[in-house]
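Below is one structure, written out as structure tokens; comments come after it.
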Amino acid sequence: MKAGIYLSPKQVKMTEREMPVPRPDEALIKVSYAGICGTDMMIYHGLHPRAEAPLILGHEFSGIVAASDGDRVNKGDRVVVEPLLNCGFCAPCREGQAHVCKSLRYIGIDQNGGFAEYTTVPLHRLRVLPESVTEKMGAMIEPLAVAIHTVRRSKLKVGDTAAILGAGPIGLLIGLIAERAGAGKIVISDVSPVRLQAASKMGFEAVDARKTDISQVVKEYTDGCGADVVYEVAGNQTTADQMIECVKHQGEIAVVSVYKKPPVIQLAAMHFREISLMTTRCYSPGDFTKAIELLEQNKLNLDPLVSHTLPLEDIQTGFNLMENPDQALKILFKL
Ligand SMILES: NC(=O)c1ccc[n+]([C@@H]2O[C@H](COP(=O)([O-])OP(=O)(O)OC[C@H]3O[C@@H](n4cnc5c(N)ncnc54)[C@H](O)[C@@H]3O)[C@@H](O)[C@H]2O)c1
Ligand SMILES: [Zn+2]
Ligand SMILES: [Zn+2]
């Protein structure tokens, strides 16, 4: 079978691999669509603490059951993969918070994933797609669940002003979910014209951070106060400073970004205005269910997020495109 493999830093390649053989508690999945994520880029640059080459990447993917014992799923079922593998033994797992498991692992990061014609997936990590959800949109469920988890964890209330720093796939998805959660005004910043254009197209107030300070824009809308909730989804020192400038007194900052370099956080500036800061990590099983349901109900248009659909043969092109925010948003491989 064809497989897209991370070989070494800045080197990915499509090669032939043996078909995997499922264990009794796994199904063989014929992959349909698989997305490249920021974490895949971290692995690609050799910066991921756990991923080890050679590895079949891909943790955002949909497919069709090709073989399965038992009656949990049937051959031909269209499925999406929930890629988290928790240990089941640590305190967070025992408290029902598997997504913050002390040794959380991912399909596609810690073991082979979905950039391949076929892969094996534990049965309990499969969700059958509703008829109305295409396999292409199935590959968007995982990042959508991140956005749902973030907005649900935040204190956003009906009519609130939300500021989103970073209009990558995750920032834009947070915008869509904040809108459905009843946000009044949604202001989103980026430094990439392509991403700003996508944000405007999706109906958000897009601020070009190269020219305009988002905190000034937000303050104009809020009587000089700032946003009720700020979502930090860019992950650099500039946005780590802006998130505090942007937020209202007693407002909340939700840090979604995974910082490559530890930022300096101006705690004194937060203290004087009683700002809350919280972080988010992936999603709970319930968030994943809600992501599927929102797509089933046709409540979201995710089409503007998919900038490229490529064959797996173009894996290196896909990773090259992802290097520059101005070249791509979400890239999907069609297997
Ligand atoms: N918490 C989680 O579980 C979770 C899950 C997925 C992704 N993430 C993290 O969320 C972040 C966003 O993910 P993504 O896939 O959208 O990444 P991305 O890199 O596509 O998006 C980040 C965006 O920030 C923009 N940016 C850079 N500097 C900026 C500035 N000064 N002002 C405004 N925007 C600026 C970039 O142009 C880019 O569009 C990443 O750090 C990623 O690791 C976290
Ligand atoms: Zn991801
Ligand atoms: Zn655990």
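The values are calculated or read from the model by the stated rules, or taken from the named source; none is laboratory data. Predicted, not measured: the structure shown is a model, and the values here were computed from it. For neighbour counting, all protein chains shown are included, and Cβ atoms are generated from backbone atoms with ideal geometry for every residue, glycine included. When the accessible area is computed, the model is the full protein with side chains, heavy atoms only, and any ligands, DNA or RNA have been set aside. Shrake-Rupley method; radii C 1.70, N 1.55, O 1.52, S 1.80 Å.
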**Item:** Every residue from region 92-103 that is near ligand 3 (Cβ under 8 Å from one of its atoms) and open to solvent by less than 50 Å² (accessible area, probe 1.4 Å)
**Value:** P92, C93, A98, C101
**Message:** Return the residues of region 206-217 that are of a type in the set (A, V, I, L, M), within 16 Å of A240 (Cα to Cα) and surrounded by fewer than 24 Cβ atoms within 10 Å (Cβ to Cβ); say none if nothing qualifies.
**Reply:** A209
**Request:** Tally the residues that are in contact with a Pro (Cβ under 6 Å, 6 or more places away or on another chain), buried (at least 19 other Cβ atoms within 10 Å of the Cβ) and under 16 Å from R180 (Cβ atoms), restricting the search to region 288-335.
**Result:** 1
**Message:** List pairs: first residue in region 165-184 and aromatic (F, W, Y), second residue within 16 Å of ligand 3 (Cβ to nearest atom) anywhere in the structure, Cβ distance under 8 angstrom, at least six positions apart or on different chains.
**Reply:** none
**Prompt:** Residues in region 261-269: is at least one in contact with a helix residue (DSSP H, G or I) (Cβ under 7 Å, 6 or more places away or on another chain) and open to solvent by less than 20 Å² (accessible area, probe 1.4 Å)?
**Reply:** no
**Request:** Give the number of residues within region 183-200 that are open to solvent by 20 Å² or more (accessible area, probe 1.4 Å), within 21 Å of V151 (Cα to Cα) and more than 19 Å from the chain's Cα centre (by Cα).
**Result:** 3
**Request:** Starting from residues that are more than 16 Å from L104 (Cβ to Cβ) and in a loop (DSSP other than H, G, I, E, B), keep the ones in region 33-47 and report whichever is nearest to ligand 1 (Cβ to nearest atom).
**Result:** I36
**Asked** Taking the stated definitions as given, is H149 within 16 Å of ligand 2 (Cβ to nearest atom), open to solvent by 10 Å² or more (accessible area, probe 1.4 Å) and either touching a strand residue (DSSP E or B) at 6+ places or on another chain (Cβ under 9 Å) or acidic (D, E) (or both)?
**Response** no
**Prompt:** Taking the stated definitions as given, is G203 surrounded by fewer than 24 Cβ atoms within 10 Å (Cβ to Cβ), more than 21 Å from T279 (Cα to Cα), in contact with a Gly (Cβ under 9 Å, 6 or more places away or on another chain) and not hydrophobic (A, V, I, L, M, F, W, C)?
**Reply:** yes
**Item:** C246 in contact with a His (Cβ under 6 Å, 6 or more places away or on another chain), open to solvent by less than 50 Å² (accessible area, probe 1.4 Å) and either polar (S, T, N, Q) or in contact (Cβ under 8 Å) with a residue 40 or more places away in the chain (or both)
**Value:** no
**Complete:** Inside region 27-83, the number of residues satisfying the requirement of being under 21 Å from L144 (Cβ atoms) and not hydroxyl-bearing (S, T, Y) is 24
**Asked** For region 267-335, which fully contained helices (runs of 4 or more DSSP H) count at least 3 residues that are within 19 Å of G171 (Cβ to Cβ)?
**Response** 285-296
**Asked** Applying the selection to region 218-232, what residues are more than 8 Å from T161 (Cβ to Cβ) and open to solvent by 20 Å² or more (accessible area, probe 1.4 Å)?
**Response** K219, E220, D223, G224, C225
**Message:** For a quick check of your reading of the model, give me the residue pairs whose first member lies in region 263-279 and is without any contact (Cβ under 8 Å) to a residue 60 or more places away in the chain and over 21 Å from R153 (Cα atoms), whose second is surrounded by 10 or more Cβ atoms within 10 Å (Cβ to Cβ) and acidic (D, E), with beta-carbon atoms closer than 7 Å and at least 6 apart or on different chains.
**Reply:** Q266/D241
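Rundown of residues vs (1) open to solvent by 10 Å² or more (accessible area, probe 1.4 Å); (2) away from ligand 1 (no atom under 16 Å from the Cβ), yes/no style:
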{"position": "M1", "(1), (2)": "yes, yes"}
{"position": "S8", "(1), (2)": "yes, yes"}
{"position": "Q11", "(1), (2)": "yes, yes"}
{"position": "T15", "(1), (2)": "yes, yes"}
{"position": "P20", "(1), (2)": "yes, yes"}
{"position": "L28", "(1), (2)": "yes, yes"}
{"position": "P49", "(1), (2)": "yes, no"}
{"position": "P54", "(1), (2)": "yes, yes"}
{"position": "F61", "(1), (2)": "no, no"}
